[in-house]
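Engineer: Quick one: this structure, given as structure tokens, is what I'll be asking you about.
The values are calculated or read from the model by the stated rules, or taken from the named source; none is laboratory data. Not measured: the values here are computed from a predicted model. Here the Cβ positions follow ideal geometry from the backbone for every residue, glycine too, while neighbour counts run over all protein chains shown.
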Amino acid sequence: MTNEAALLQFERVSRTFTTKRGVVRAVDDVTFAAMPGEVLCLVGESGCGKTTTGKMAAGLVRPTGGRILFEGRDFATMPERKLRVYRKAAQIVHQDPYASLNPIRTVYQTLSVPLLHHGIVRGRTAAVERIMELLTTVELTPPADFLGKYPHQLSGGQRQRVAVARALTLNPRLIVADEAVSMVDVSIRVSLLNMLLRLRDTLGVAFIFITHDLAVAKHFAGRGGRIAVMYLGRIVEIEPAAQLIRDPLHPYTQALLAAVPEADPDLTRNKEKVKLRSLEIPSLLQLPSGCTFHPRCPLFEEGLCDVQRPETVSVGERRAVLCHVVARQMAAAPMGPTTGDGHASDRAVGLDSRRDGPVGSMEVGR
Amino acid sequence: MSTSTVSTALTEPVAVTAGTILSVRDLWVEYRAERGMVQAVRGVNFDLRKGESLALIGESGSGKTTLAVALIRLLTKTARVPRGTVTYWRNGREVDVLALGAEDLRRFRWKECAMVFQSALNSLNPVLKVWDQMYDTVRYHESMSKDAAWQRSLEVLQMVQLDAARVLNSYPHELSGGMRQRVLLAMGLLLNPQVLLLDEPTTALDILTQRSIINLLRQLKATLGFSTIFISHDLSLAAELADRVATMYAGQVVELGEVRDIFYRPRHPYTLGLLQAVPSLTAGESEMVSIPGSPPDLIDLPSGCKFHPRCTYAIERCRAEEPALLTVGPQHGAACLRWAQVAQDREHVETQRA
Ligand SMILES: Nc1ncnc2c1ncn2[C@@H]1O[C@H](COP(=O)(O)OP(=O)(O)OP(=O)(O)O)[C@@H](O)[C@H]1O
Ligand code: SF4
Ligand code: SF4
Ligand SMILES: [Mg+2]
């Protein structure tokens, strides 16, 4: 079901790549919706499909299955020319700004090209003025000092700010940030994160924030945002950040949370650990049958998990999980865990995810 | 701690004496670069105790790897050690590591002090099977029959919980990242060293794999009793594994203490800053604060305390004076002129915790 108010909607989106060694299912049947100004953090381990999902959200990669709607319009079927308009509205910031910024362009050149090319401003004076504004927005001050700088003259954190400023040149409504703070040092990471949060609050930009670091995801999602956990191409759990950290539903999320070391010796050494049945990460070329987590899952049930592919089950409006066993438990206790925002209807367990779209409609609590 | 729990044909009996195994005094390392000399390690002092694990934490470029590499004398040709001593205690006798000749150095490396490098992928030779690489290592350092080397290789691979026979016959690319990291660990253990240097042992590994390596390291340390120095920019790894922690900034150890002192009672503003910059996952809401500015240029260092341009505690004196590690508590040192003020400001938080 299409959600009118959503900025971005993924409806059973898949993406496969054909490689020499076979067909890789990078993203498999992913459904979610992001409202204008919402933050959705995608977390998961390397190779789980986060980046491909992000690239599809930014219109850089087309899905091989399902539909992606931006402001209600299906862009998979858009002609290339229309898609270009879309790409303006959705911008991506990559992990490594050193690789994504042109080394022989100054900051002025990097930012003025898209501004002038897309006719956002006319003439050099207007461009400089707008660029100064953008640099101030990303806290590169005084802005005049940065106009003539080349990437190698900037620190990692400053380069990432330039990359963000470039993403902002076209007044996007969605920013996909792919591990955007992962390569900078901790002392600088916080201010970069806070700057991005300020953009969300002041410009109302929606974010798809990709990170392998759950603590960073929690911080960035804040009160209103959600976290989606991916495993082998599928979203196994999605819900408001605080709830996911406090009360994870999916066995994989539980294992991740238990495994993450934390910067507090007493706390981290006394964490309850989840024991996995196997440490091997299956190959995307040869995914396990049924639930792809079954070879490792502590809750594995023979004859069910290795045979039947689980479907996404919504638990309230903003929460969904992909697991036979959890779904059964939730169905047995429909008044079970609340979704946190207290509506009675949120507590219903909708087993028919197919029609409703498990996370198709949600409000942003801001 | 005892180191006698494991005895194999490869090792001589090591006298079990309490105390220090490796001692570093006023160590300096610099690199020749186009713009000038890079001051990568500056006047570092510490003792590594027997059986302990010491974490070196600090941001990129703070000199962690350079320091570790200097200890086993694997610095590149462009590097120079203008000053300092590294003493290794072999059976209670002092060994001057920086003065070792080629033959002694070969014995020292791997057999007494082994290093596992930062990138598990790059430090294995892609065209050689694991067995060939392990055999090369053994052969170079020890006269041992091929059979004995095979046995020992199986043994160490089992210690790191790998399917040993299969792994020995594999090429590195046939193994996952976590398995490669285990192979490297096993290679480090081959000649049963007293000291193991681990550079970012879990970086770039998935969380679940990371966890298994952490558990493994903890278990190996408990059973084998070796000492470790491990390097990490990730504070949580230090919180998990370290007995003591050394914070590095601009080539210097600016704070050194028991792990709980460093995390719960930091006295150097930089350590404090690092701790406040890490988002917590389950420990409730805590405000994250960033450290202003960026790390210094190691070719053209600031005067006085190298942290002063970024330090919220800095006073005029800090521009002129570079403090050494001052005693700020039992077994706890911080190189800060204003550590007492830091302590006073934190009194509230710290008593609340206690
Ligand atoms: N071969 C070299 N030639 C010149 N400078 C070097 C060389 N190797 C390292 N450096 C410099 O020495 C300083 C310390 O580097 P080092 O690699 O020891 O830091 P680190 O703390 O291990 O950093 P990271 O966390 O990034 O691994 C840095 O400024 C680095 O650029
Ligand atoms: S479906 Fe089965 S194997 Fe998959 S996560 Fe749930 S319990 Fe585990
Ligand atoms: S000595 Fe001064 S500048 Fe250095 S850390 Fe202490 S207060 Fe800050
Ligand atoms: Mg290093």
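Engineer: State all residues of segment A:127-162 that are in a loop (DSSP other than H, G, I, E, B) and either under 21 Å from B:GLU59 (Cα atoms) or of a type in the set (D, E, K, R) (or both); if no residue qualifies, say none.
Structural biologist: So in segment A:127-162, the residues in a loop (DSSP other than H, G, I, E, B) come out as A:138-142, A:146-150, A:154-155.
Of everything in segment A:127-162, those that are in a loop (DSSP other than H, G, I, E, B) and either under 21 Å from B:GLU59 (Cα atoms) or of a type in the set (D, E, K, R) (or both) turn out to be A:GLU139, A:LYS149, A:LEU154, A:SER155.
Engineer: Give, as residue ranges, the strands (runs of 3 or more DSSP E) completely inside segment B:242-354 that count at least 1 residues that are free of Cβ contacts under 8 Å to residues at least 12 places away in the same chain, surrounded by fewer than 19 Cβ atoms within 10 Å (Cβ to Cβ) and not aliphatic (A, V, I, L, M). Talk me through it step by step, then tell me what you get.
Structural biologist: Values: elements: B:244-249, B:252-258, B:326-329, B:332-334.
Qualifying strands (runs of 3 or more DSSP E): B:326-329.
Engineer: Quick one: in segment B:286-306, of everything that is more than 11 Å from chain A (Cβ to nearest Cβ) and among the hydrophobic types (A, V, I, L, M, F, W, C), which residue is farthest from ligand 1 (Cβ to nearest atom)?
Structural biologist: B:CYS305
Engineer: Next question, about the same structure. Would you mind telling me which numbered condition in (1) buried (at least 22 other Cβ atoms within 10 Å of the Cβ); (2) out of contact with any Phe, Trp or Tyr (no Cβ under 8 Å at 6 or more places or on another chain) A:THR136 fails?
Structural biologist: A:THR136 satisfies all of (1) buried (at least 22 other Cβ atoms within 10 Å of the Cβ); (2) out of contact with any Phe, Trp or Tyr (no Cβ under 8 Å at 6 or more places or on another chain) except (1).
Engineer: Which of the residues that make up segment A:120-160 are among the β-branched types (Val, Ile, Thr) and over 19 Å from B:PRO295 (Cα atoms)? Break it down into steps so the answer makes sense when it comes.
Structural biologist: Taking segment A:120-160 and keeping what is among the β-branched types (Val, Ile, Thr), we get A:120-121, A:125, A:128, A:131, A:136-138, A:141.
Within segment A:120-160, A:ILE120, A:VAL121, A:THR125, A:VAL128, A:ILE131, A:THR136, A:THR137, A:VAL138 meet the criteria.
Engineer: Going by what's in this entry, would B:LEU184 be described as away from ligand 1 (no atom under 16 Å from the Cβ) and in a loop (DSSP other than H, G, I, E, B)? Full working, then the answer.
Structural biologist: Details: away from ligand 1 (no atom under 16 Å from the Cβ): yes; in a loop (DSSP other than H, G, I, E, B): no.
In short, no.
Engineer: Could you look through segment B:250-279, keep only residues that are within 16 Å of ligand 1 (Cβ to nearest atom) and touching a Pro at 6+ places or on another chain (Cβ under 8 Å), and pick out the one that is nearest to the other protein chains (Cβ to nearest Cβ)?
Structural biologist: B:ALA250
Engineer: If you take the residues in segment A:179-191 that are buried (at least 22 other Cβ atoms within 10 Å of the Cβ) and more than 8 Å from chain B (Cβ to nearest Cβ), which one is farthest from the chain's Cα centre (by Cα)?
Structural biologist: A:VAL184
Engineer: If I filter segment B:252-271 for residues that are within 16 Å of ligand 3 (Cβ to nearest atom), at positive phi and in contact with a helix residue (DSSP H, G or I) (Cβ under 7 Å, 6 or more places away or on another chain), do I get at least one hit?
Structural biologist: No - not one qualifying residue is present in segment B:252-271.
Engineer: Continuing with this model, one more query. Pick out the one residue from B:SER62, B:SER53 that is out of contact with any Lys or Arg (no Cβ under 7 Å at 6 or more places or on another chain), within 14 Å of another protein chain (Cβ to nearest Cβ), surrounded by 17 or more Cβ atoms within 10 Å (Cβ to Cβ) and within 25 Å of B:PRO201 (Cα to Cα). Break it down stepwise before answering.
Structural biologist: On the way: B:SER53 fails: out of contact with any Lys or Arg (no Cβ under 7 Å at 6 or more places or on another chain).
After applying the criteria, what remains is B:SER62.
Engineer: Restricting to segment A:168-178, and then to whatever is over 13 Å from A:ILE120 (Cα atoms) and out of contact with any Ser or Thr (no Cβ under 8 Å at 6 or more places or on another chain), can you tell me which residue is surrounded by the fewest Cβ atoms within 10 Å (Cβ to Cβ)? Outline the logic, then answer.
Structural biologist: So in segment A:168-178, the residues over 13 Å from A:ILE120 (Cα atoms) come out as A:173-178.
Subsequent filtering for residues that are out of contact with any Ser or Thr (no Cβ under 8 Å at 6 or more places or on another chain) retains A:173-177.
On the way: A:ARG173: 19, A:LEU174: 26, A:ILE175: 25, A:VAL176: 29, A:ALA177: 27.
The residue in question is A:ARG173.
Engineer: Would you call A:VAL113 outside the structural domain of A:PRO310 (by TED's automatic domain parsing), in contact with a His (Cβ under 8 Å, 6 or more places away or on another chain), of a type in the set (A, V, I, L, M, F, W, C) and at pLDDT 90 or above?
Structural biologist: Details: outside the structural domain of A:PRO310 (by TED's automatic domain parsing): yes; in contact with a His (Cβ under 8 Å, 6 or more places away or on another chain): no; of a type in the set (A, V, I, L, M, F, W, C): yes; at pLDDT 90 or above: yes.
No, not satisfied.
Engineer: Would you check which residues across segment A:298-328 are touching a Cys at 6+ places or on another chain (Cβ under 8 Å) and assigned to a helix (DSSP H, G or I) and list them?
Structural biologist: Selection gives A:HIS324, A:VAL325.
Engineer: Right, next: Can you report the number of residues in segment B:43-57 which are within 16 Å of ligand 4 (Cβ to nearest atom) and closer than 15 Å to B:ALA70 by Cα?
Structural biologist: Taking segment B:43-57 and keeping what is within 16 Å of ligand 4 (Cβ to nearest atom), we get B:44, B:54-57.
Subsequent filtering for residues that are closer than 15 Å to B:ALA70 by Cα retains B:44, B:56.
So the count comes out to 2.
Engineer: When you scan segment B:207-223, do you find a residue that is away from every other protein chain (no Cβ under 13 Å), part of a loop (DSSP other than H, G, I, E, B) and away from ligand 4 (no atom under 16 Å from the Cβ), even just one?
Structural biologist: The answer is no; no qualifying residue exists.
Engineer: Same structure again: Could you tell me whether any residue of segment B:308-317 is more than 24 Å from A:HIS219 (Cβ to Cβ), more than 9 Å from ligand 3 (Cβ to nearest atom) and touching a strand residue (DSSP E or B) at 6+ places or on another chain (Cβ under 7 Å)? Steps first, please.
Structural biologist: Initial filter on segment B:308-317 (more than 24 Å from A:HIS219 (Cβ to Cβ)): B:308-309, B:311, B:313-317.
So of that shortlist, the ones also more than 9 Å from ligand 3 (Cβ to nearest atom) come out as B:316.
Filter once more, keeping what is touching a strand residue (DSSP E or B) at 6+ places or on another chain (Cβ under 7 Å): none.
No: segment B:308-317 contains no residue that is more than 24 Å from A:HIS219 (Cβ to Cβ), more than 9 Å from ligand 3 (Cβ to nearest atom) and touching a strand residue (DSSP E or B) at 6+ places or on another chain (Cβ under 7 Å).
Engineer: I've got another one for you. So, in segment A:263-277, of the ones that are within 10 Å of chain B (Cβ to nearest Cβ) and in a loop (DSSP other than H, G, I, E, B), which residue ends up modelled with the lowest pLDDT?
Structural biologist: Across segment A:263-277, the extreme among qualifying residues is A:LYS273.
Engineer: Among the residues of segment A:278-327, write down those that are surrounded by 15 or more Cβ atoms within 10 Å (Cβ to Cβ), among the polar types (S, T, N, Q) and within 14 Å of another protein chain (Cβ to nearest Cβ).
Structural biologist: Across segment A:278-327, there are no qualifying residues.
Engineer: When only residues in segment B:225-235 that are within 15 Å of ligand 1 (Cβ to nearest atom) and not in a loop (DSSP other than H, G, I, E, B) count, which is farthest from the chain's Cα centre (by Cα)? Before you say what the answer is, go through the steps one by one.
Structural biologist: Residues of segment B:225-235 that are within 15 Å of ligand 1 (Cβ to nearest atom), as a first pass: B:229-235.
Of the ones still in play, those that are also not in a loop (DSSP other than H, G, I, E, B) are B:229-232, B:235.
Numbers: B:ILE229: 3, B:PHE230: 3, B:ILE231: 4, B:SER232: 7, B:LEU235: 13 Å.
Applying the filter and picking the extreme gives B:LEU235.
Engineer: Scan segment A:329-340 and tell me whether some residue there is in contact with a Pro (Cβ under 9 Å, 6 or more places away or on another chain), assigned to a loop (DSSP other than H, G, I, E, B) and either surrounded by 15 or more Cβ atoms within 10 Å (Cβ to Cβ) or in the same structural domain as A:GLY224 (by TED's automatic domain parsing) (or both). Reasoning before the result, please.
Structural biologist: Taking segment A:329-340 first, the residues in contact with a Pro (Cβ under 9 Å, 6 or more places away or on another chain) are A:330, A:339-340.
Going one step further and asking which of them are assigned to a loop (DSSP other than H, G, I, E, B), we end up with A:339-340.
Still in the running and either surrounded by 15 or more Cβ atoms within 10 Å (Cβ to Cβ) or in the same structural domain as A:GLY224 (by TED's automatic domain parsing) (or both): A:339-340.
The answer is yes; a qualifying residue exists.
Engineer: Just name the residue that is nearest to the other protein chains (Cβ to nearest Cβ) out of those in segment A:247-262 that are of a type in the set (A, V, I, L, M, F, W, C) and not in a loop (DSSP other than H, G, I, E, B).
Structural biologist: Across segment A:247-262, the extreme among qualifying residues is A:ALA259.
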